Every structure is written in structure tokens, then in C-alpha cells.
1. If you stretched the chain out fully between Lys27 and Asp42, how much longer would it get, using 0.36 nm times the residue separation minus the C-alpha to C-alpha distance?
2. Assign one of three labels to segment 1-70, namely rounded, prolate or oblate, based on the Cα gyration tensor with a ≥ b ≥ c the square roots of its eigenvalues; rounded applies when a/c is under 1.5, prolate when it is not and a/b is larger than b/c, and oblate otherwise.
Amino acid sequence: MVSTIVWGTGNIGRAAIRAVEAHPGLKLTAVLVHDPAKLGRDAGELAGLGHRLGVTATASTDRVAPAEGWPASRPGADDAR
């Protein structure tokens, strides 16, 4: 299971939450939001799923950051052209 964080709940974020929920190899572990009206709401509600997912929206990256830090991908950073 791949722990997955969705940042934002606009059109793309809502679709991402639905896609993560539907994928058997992914687990939604956090949803980050900017809108104060969305803080504390369940991700399933925000995504329009009709059921709760047990993941509460937060604005704090500190609450969702893993202890070992964020995985990083820098495409092209090691390009030795």
C-alpha cells in the first residue's frame, strides 16, 4: 500500500481523492487544504463520494510530513548532458 497525500480539493484534488480511494494499491493518508471552510471536513465529503473516508482535511504540512522527510523527485537533476 502506498501512502498518498492529496494537496488541494479543487477540481483536480477531488478527482485525485476519488482515484486514490478506488485504487487498491493506494491509501489516502492526508488531505491538505487552504480554504478555512474545508478544514476538519472528511475527504470523502470534500470529494463528493457520499461516504466518509476517515481522513480529515488539514492546512498543516507539519501534521502530514513523515518523520523521515518528504520523498523527493527532481526530474532532470542528474542529467549529465
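Every read-out reported here was derived from the displayed coordinates using simple, explicitly stated rules and does not represent laboratory data. The structure presented is a predicted model; accordingly, all values stated were derived computationally and were not measured.
1. Working: separation 15, 0.36 × 15 = 5.40 nm, distance 1.47 nm.
The Lys27-Asp42 span can extend by a further 3.9 nm.
2. Values: a/c = 1.77, a/b = 1.07, b/c = 1.65.
Oblate.
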